[in-house]
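**Student:** Submitted below is the structure of interest, expressed as structure tokens.
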Amino acid sequence: MSTRRNFIKKTSLASAALATSSSAFGATIITKKDSVNHLLNETNTILGHGDYKYKLTKNWAQISSTRIPLLNCHEMVMDSKGRLIMIGDHPQNNILIFDKSGKLLDYWGTAYQGGHGLTIHDEGGEDMLYIADSGWALGKNNKMVKHNGRIAKTTVDGKVIFDIGHPQTIGVYKPGEDFCPTETAIGPNGDIYVADGYGQSRIIQYDLNGRYIRHWGGSDNPDPNYRLMSAHGVAIDYREKGNPMVVCTSRSEQCFKYFTLDGKYIKTIKMPNMQVCRAVFDDKNLYAGVCWSQPKVGKTNWRDHTGFVTILEGDKVVSNPGGTEPIYKDGELQKSFQIDEKPILHGHDVCIDEDKNIYVCQWNANHSAPYKLERV
């Protein structure tokens, strides 16, 4: 691995000054020509810090915008065959399946127009997908339309096993409380944890058959340890042997909050100035997309391009590809910022392959396909 990384690093740095022509595929053709084309040709840019540096390739995905249009690329997972499965929210296609070279292998689905969260789980040797439809879809006149969200368990080719609908139908939510789920996670016994990130900011726990068990969190929770503000992501941290933990994103609070499998608070990891999405675990690391940050001077709004990617070893941030180098003072992480070049617009999710390369899905990024960060 080190030999390969050294080779890539040398060749990447040697060619960094060379101009790269636009591809007939990839992000170059599905991005508005008058907006960020000057960034799309930066295919030899090195991002990151310390032992976690990456060569940026923006035109990784070989996809035609006329045949397979994209809106937002929300999340991506890798199946047992090494294929990369992405969920988006374009009305014409929800699931796209790539190989690691960026070739589009398959695509399906128009029923998940609020397609937002995607989790994969091995169940008896078969890959199963858990799809979170947030309930926000692109309607007429390019305006977002709100409807009831849902969770669907499907096979990798789209066969629906079951749906989980609005919790009001089983008396868990009150009339008028929105259910807009953004993410799922699967526990060691098959329990399903749902993050209602755009609704009530609660974590709802179901059994493997979709039967309600409990819920916790909420933006109005009086206990700050249990309060979740934009509970955008949920994941299971299996890194500590024999002690799996539920990791919830409190995005508006710029932190991750850890809980036991039955919802008891454990700890908070603060991520100053980083509105992080779901936690993605690989080996000893936690990876996450940063959807928004604020500049060093002034303020921006949620539509502005202010994102990047962050990487933690244990509970410590060690690299911010697309952002500034993480700095700790007296053991506390200081604010991180997007770098001036804005190579990543909004970090909504990441997927890690066996070579530790990162695939970045973005929201509100001019209809761009996923980027690849190749570790050097």
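**Student:** Would you mind calculating the gained length between Glu341 and Gln92 on full extension (0.36 nm times residue separation, minus the Cα-Cα distance), in nm to one decimal?
**Tutor:** Answer, rounded to one decimal: 86.4 nm.
**Student:** About the Cα centre of segment 194-273, what is the dipole size in debye to 20, counting +1 per Lys and Arg Cβ and -1 per Asp and Glu Cβ, all else neutral?
**Tutor:** Charge dipole, segment 194-273, about its Cα centre: 160 debye, nearest 20.
**Student:** Would you mind listing how long segment 231-328 runs along its three principal axes, going by Cα atoms, in whole Å with the largest first?
**Tutor:** For segment 231-328, the Cα spread along each principal axis is 44, 23, 20 Å.
**Student:** Moving on to the next point. What percentages make up the Cα-Cα pair-distance distribution of segment 160-221 when the bins are 5 Å wide from 0?
**Tutor:** 4, 18, 31, 28, 13, 4, 1
**Student:** Magnitude of the Cβ-charge dipole of segment 126-173, K/R +1 and D/E -1, about the Cα centre, nearest 20 debye?
**Tutor:** 380
**Student:** While we're here: Highest mean first, how do 236-248, 181-193, 323-335 rank when packing is the count of other Cβ atoms within 10 Å averaged over residues?
**Tutor:** 181-193, 236-248, 323-335
**Student:** Could you tally the net charge around Lys174, taking each other residue with its Cβ under 14 Å from the Cβ of Lys174, Lys/Arg +1 and Asp/Glu -1?
**Tutor:** Net charge in that neighbourhood comes out at -3.
**Student:** Right, another one. Among the listed pairs Lys58/Lys329; Lys270/Lys342; Lys53/Lys241; Lys143/Lys335; Lys316/Lys342, which have their C-alpha atoms separated by more than 26 angstrom in this model?
**Tutor:** Lys58/Lys329; Lys53/Lys241; Lys143/Lys335
**Student:** If the rule is a partner Cβ under 4.7 Å, which cysteines in the chain fail it?
**Tutor:** Cys180, Cys248, Cys255, Cys277, Cys291, Cys351
**Student:** Now for a different question. Cross-link list Lys100/Lys356; Lys284/Lys356; Lys55/Lys299: which exceed 18 angstrom alpha carbon to alpha carbon?
**Tutor:** Lys55/Lys299
**Student:** Only four residue types carry charge here, +1 at the Cβ of Lys and Arg and -1 at the Cβ of Asp and Glu. Report the dipole size of segment 308-376 about the Cα centre in Debye, rounded to the nearest 20.
**Tutor:** The dipole of segment 308-376 has a size of about 180 debye.
**Student:** If you don't mind, there's one more thing I want to ask. Enter the per residue convex hull volume of the chain, computed from alpha-carbon coordinates, in Å³ rounded to the nearest integer. List each step's numbers first, then the result.
**Tutor:** Details: hull volume 56.9 nm³, N = 376.
Dividing the Cα hull volume of the chain by its residue count gives 151 Å³.
**Student:** Contour minus end-to-end for Val145 and Lys241, with contour as 0.36 nm per residue of separation and end-to-end as the Cα-Cα distance? Don't jump to the answer; show the numbers that get you there.
**Tutor:** Values: separation 96, 0.36 × 96 = 34.56 nm, distance 4.35 nm.
30.2 nm is the gain from fully extending Val145 to Lys241.
**Student:** Still on this structure: In the chain, carbon and sulfur make up what percent of the accessible area (probe 1.4 Å)?
**Tutor:** On the way: 7940 of 16210 Å².
Its accessible area is 49 percent carbon and sulfur atoms.
**Student:** Next question, about the same structure. May I ask you to derive the FRET efficiency for Thr66 and Phe162 from their Cβ-Cβ distance with R0 = 41 Å, giving the value to the nearest 0.05?
**Tutor:** Efficiency, from the Cβ-Cβ distance: 0.70.
**Student:** Right, another one. If you wrap segment 130-270's Cα atoms in a convex hull and average its projection over all directions, what's the area in nm²? Each step should come with its number before you reach the end.
**Tutor:** Numbers: hull surface 38.9 nm².
Mean orientational projected area (segment 130-270, Cα hull): 9.7 nm².
**Student:** Hey, can you find the accessible area per residue of segment 223-295 for me, probe 1.4 Å, expressed in square angstrom?
**Tutor:** Each residue of segment 223-295 exposes 36 Å² on average to a 1.4 Å probe.
**Student:** Spin-label point model (7 Å from Cα, Cβ direction): what's the Asp282 to Tyr265 distance in nm?
**Tutor:** 3.3
The values are calculated or read from the model by the stated rules, or taken from the named source; none is laboratory data. In this text the structure is predicted, and so the values were computed from the model without any measurement. In this analysis, Cβ positions are derived from the backbone assuming ideal geometry, glycine residues included, and neighbour counts consider all displayed protein chains. Calculation scope for accessible area: heavy atoms of the full protein, side chains included, ligands and nucleic acids excluded. Shrake-Rupley method; radii C 1.70, N 1.55, O 1.52, S 1.80 Å.
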